[in-house]
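The values are calculated or read from the model by the stated rules, or taken from the named source; none is laboratory data. Predicted model, so just to flag it, every value in this text is computed and none were measured. Because the Cβ atoms are built from the backbone with ideal geometry, glycine has one as well, and the counts that use them run over all protein chains shown.
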Amino acid sequence: MKIRIGVIFGGRSGEHEVSVRSAKTVIEQIDRDKYSVIPVAITKHGNWLSPSESAKWLPPETISRFSDDIASIGKGDVGLVGDTKFKGLTRFQDDAGSSGERTITFDVVFPVLHGTFGEDGTIQGLFEMAGIPYIGCGVLASSCGMDKVVMKTLFREAALPICKYTWFLRKDFESNPEAVLAGIQSAVGFPCFVKPANLGSSVGVSRAIDAGSLKDAVILAAGFDRKIIVEEALEMREIECAVLGNDQPEASRPGEYLIRDNSKAFLDYTEKYAGTGNNEFVVPAPVSSELEDRIRTMAVAAFKAIDGSGLARVDFFLRNDNGALLVNEINTMPGLTDASGYPKMWAGSGKPFSAVIDRLVEFAIERHKDRERNKTSWS
Ligand SMILES: Nc1ncnc2c1ncn2[C@@H]1O[C@H](COP(=O)(O)OP(=O)(O)O)[C@@H](O)[C@H]1O
Ligand SMILES: [Mg+2]
C-alpha cells in the first residue's frame, strides 16, 4: 500500500504564490512508487478546495502522475476536522458547492504553506486536533519561529549570537509615537531595519537612516502586525543552512546568496522569489571549513532552541566589520521551489530532494507515534 500524502498549499498569507510554487516542486519530486498524492489548495480567503479543483492550480504535467489518485476521490468526499477516527481534515466543498458524507483519510499531510495560517502553528493545531501526522514543526516551534521577538528571546537563551534589537507594540506607537521613536534611536540607532514581528518574505520590512525614514518605516510595518521589531542594520553576507530531523537533527552544507547588483539595499521579496537573476544561491557557501562547522552547529542549536521538528532553514548574517556570525532567523516552512535554498542545500550535500521528502515523511510519522506514547490519564 502506498502512503497517502495530502499536500496542502496556497493559503491565507502574503506568501500564497510562493506556496503554490513550493507545492509544485514537492509534487514533482515525490516518489510515485511509494506515495499517492492528494492536492489540497486553500484559497486566499481560506476556502479549502476539493482535490480535483486543487489539481487545476498546478501545471497538468506536474499533477498528471497522480491523476489516478485524485480521480479515486469522489466529488462528494470530505475530510472533517476534529474527528480523529477519520484522520479527517476540514470540510471540502465539492465542485457543486455542497458537502458530501464520506471522509478522505491521509497517512500524513504536508502543509507546504508559508507565513500566516500555515507556518505559524495554526494549521499545525488543526492537525493535532484531528490526530493526523504532519510534516514539519509542531504548534510551539512553528509559532515561536514565526515571531521574530520570541524567536530571538529563545536564541539568546540558547547563547546564540544575535544582532542588537528592540521591539514595541503598534499600540504603544499610536499612543506615544515620539517616545517610541526616541526609544528606538537610543536602543538601536541608525541605520536600522524595521520589520513586522510576524511576517516573512521581507513583507513590510524597510531600512531607516534617519528620524524621518524611521517614522515611515514604522508606519509601514505597523500596517502588517501589532508587534514591530527594529534591528541594527548590518553590512554582511547572508548565509543559510538547512536542518532536517526530529530530536537528533542534522544540518546541510551552508549556502550563500551572492548578489550581483550591489545597488539593491537588501534581498527583498522580488529579489528572492521572482528570479530577477540579480542574485545567485551558491552551495557550499565559500567559507572556511572552521566557519562551516560553526554554521552547522549553530543551525542545529537554533532548531533545538525553538524545539523544532522535521525541517527548518536557519539564516545567518556574517558581519563584514568584525567577521561575527549571527543568527538572523529560523524559517519553519522554508521555500521549497526549485529556486529555493532548502532543496538546493540538501542537493549540494548529496541528498536529492526526493530523498529529503522520504525522510520528512518518516519524521512526521515518528513524531506522531512519539506523541501517542504519552499517557493521557493517570491514577
Ligand atoms: N539587521 C539587518 N541588517 C541588514 N539587513 C537586514 C537586516 N535584517 C534583515 N535584513 C535584510 O532583509 C531581509 C529580510 O529580513 P528577514 O529578517 O530575513 O525577514 P523575512 O522574514 O521577511 O525573511 C534579509 O534577508 C536581509 O537581506
Ligand atoms: Mg528571511
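Tell me yes or no: at least one residue of segment 43-60 is modelled with pLDDT of 65 or more, over 27 Å from the mean Cα position of the chain (by Cα) and not hydroxyl-bearing (S, T, Y). Talk me through it step by step, then tell me what you get.
So in segment 43-60, the residues modelled with pLDDT of 65 or more come out as 43-60.
Within this subset, residues satisfying the condition of being over 27 Å from the mean Cα position of the chain (by Cα) are none.
Scanning segment 43-60, I find no residue that is modelled with pLDDT of 65 or more, over 27 Å from the mean Cα position of the chain (by Cα) and not hydroxyl-bearing (S, T, Y), so the answer is no.
Only residues that are part of a loop (DSSP other than H, G, I, E, B), away from ligand 2 (no atom under 14 Å from the Cβ) and modelled with pLDDT under 95: list them for segment 263-285, please.
S263, K264, A265, A274, G275, T276, G277, N278
Here are G189, G204: which of them is on the phi > 0 side of the Ramachandran plot and either near ligand 1 (Cβ under 9 Å from one of its atoms) or in contact with a Leu (Cβ under 8 Å, 6 or more places away or on another chain) (or both)?
G204
Output the residues belonging to segment 353-363 that are in contact (Cβ under 8 Å) with a residue 60 or more places away in the chain and of a type outside the set (V, I, T).
Correct list: F353, S354, D358, R359, L360, F363.
Right, E231: within 16 Å of ligand 2 (Cβ to nearest atom), among the charged types (D, E, K, R) and touching a helix residue (DSSP H, G or I) at 6+ places or on another chain (Cβ under 6 Å) or not?
no
Tell me which residues, restricted to segment 4-25, are modelled with pLDDT of 95 or more and surrounded by fewer than 24 Cβ atoms within 10 Å (Cβ to Cβ).
The answer is V20, R21, K24, T25.
Under 6 Å by Cβ, and 6 or more places apart or on different chains, what pairs join a residue from segment 113-139 that is in contact (Cβ under 8 Å) with a residue 60 or more places away in the chain with one that is in a loop (DSSP other than H, G, I, E, B) and among the aliphatic types (A, V, I, L, M)?
As it stands, the answer is H114/M333; E119/M333; G136/M333, since those pairs meet every condition given.
Here are the criteria: (1) more than 22 Å from L113 (Cβ to Cβ); (2) crowded, with 20+ Cβ neighbours inside 10 Å. Tell me which single one F363 does not satisfy.
Looking at each condition in turn, F363 falls short on (1).
With G245, G212 as the choices, which residue is farther than 20 Å from V150 by Cα, in the same structural domain as L311 (by TED's automatic domain parsing), surrounded by fewer than 21 Cβ atoms within 10 Å (Cβ to Cβ) and not basic (K, R)?
Matching residue, one of G245, G212: G245.
Being assigned to a helix (DSSP H, G or I) and under 15 Å from the mean Cα position of the chain (by Cα) is the filter here; which residues of segment 332-361 pass it?
Selection gives G341, Y342, P343, L360.
Taking G125 and the conditions (1) within 15 Å of ligand 1 (Cβ to nearest atom); (2) within 21 Å of G245 (Cα to Cα); (3) of a type in the set (G, A, S); (4) at pLDDT below 95, which numbered condition does it fall short on, given that it satisfies the others?
So the condition that G125 fails would be (1).
Being of a type in the set (A, V, I, L, M, F, W, C) and surrounded by fewer than 22 Cβ atoms within 10 Å (Cβ to Cβ) is the filter here, so list the residues in segment 230-242 that pass it.
Listed by number, the residues that qualify are A233, L234, M236.
Against the conditions (1) modelled with pLDDT under 95; (2) under 21 Å from the mean Cα position of the chain (by Cα); (3) away from ligand 2 (no atom under 14 Å from the Cβ); (4) surrounded by fewer than 19 Cβ atoms within 10 Å (Cβ to Cβ), where does D225 fall short? Just the number, please.
(4)
Among the listed residues V205, V218, which satisfies the condition of being buried (at least 18 other Cβ atoms within 10 Å of the Cβ), of a type outside the set (S, T, Y), farther than 30 Å from E362 by Cα and within 16 Å of ligand 2 (Cβ to nearest atom)? Don't jump to the end; show me each part of the working.
Values: V218 fails: within 16 Å of ligand 2 (Cβ to nearest atom).
Of the residues listed, the single one that is buried (at least 18 other Cβ atoms within 10 Å of the Cβ), of a type outside the set (S, T, Y), farther than 30 Å from E362 by Cα and within 16 Å of ligand 2 (Cβ to nearest atom) is V205.
Starting from residues that are surrounded by 23 or more Cβ atoms within 10 Å (Cβ to Cβ) and within 15 Å of the chain's Cα centre (by Cα), keep the ones in segment 308-327 and report whichever is farthest from ligand 2 (Cβ to nearest atom).
S309
Looking at segment 169-216, which of its residues are of a type in the set (A, V, I, L, M, F, W, C) and under 24 Å from the mean Cα position of the chain (by Cα)?
Residues of segment 169-216 that are of a type in the set (A, V, I, L, M, F, W, C), as a first pass: 169, 173, 179-182, 184, 187-188, 190, 192-194, 197, 199, 203, 205, 208-209, 211, 214.
Of everything in segment 169-216, those that are of a type in the set (A, V, I, L, M, F, W, C) and under 24 Å from the mean Cα position of the chain (by Cα) turn out to be L169, F193, V194, A197, L199, V203, V205.
Per-residue answers, yes or no, for (1) of a type in the set (D, E); (2) part of a strand (DSSP E or B); (3) more than 16 Å from ligand 1 (Cβ to nearest atom):
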site	(1), (2), (3)
V300	no, no, yes
K304	no, no, yes
A312	no, yes, no
G323	no, no, no
L326	no, yes, no
I330	no, yes, no
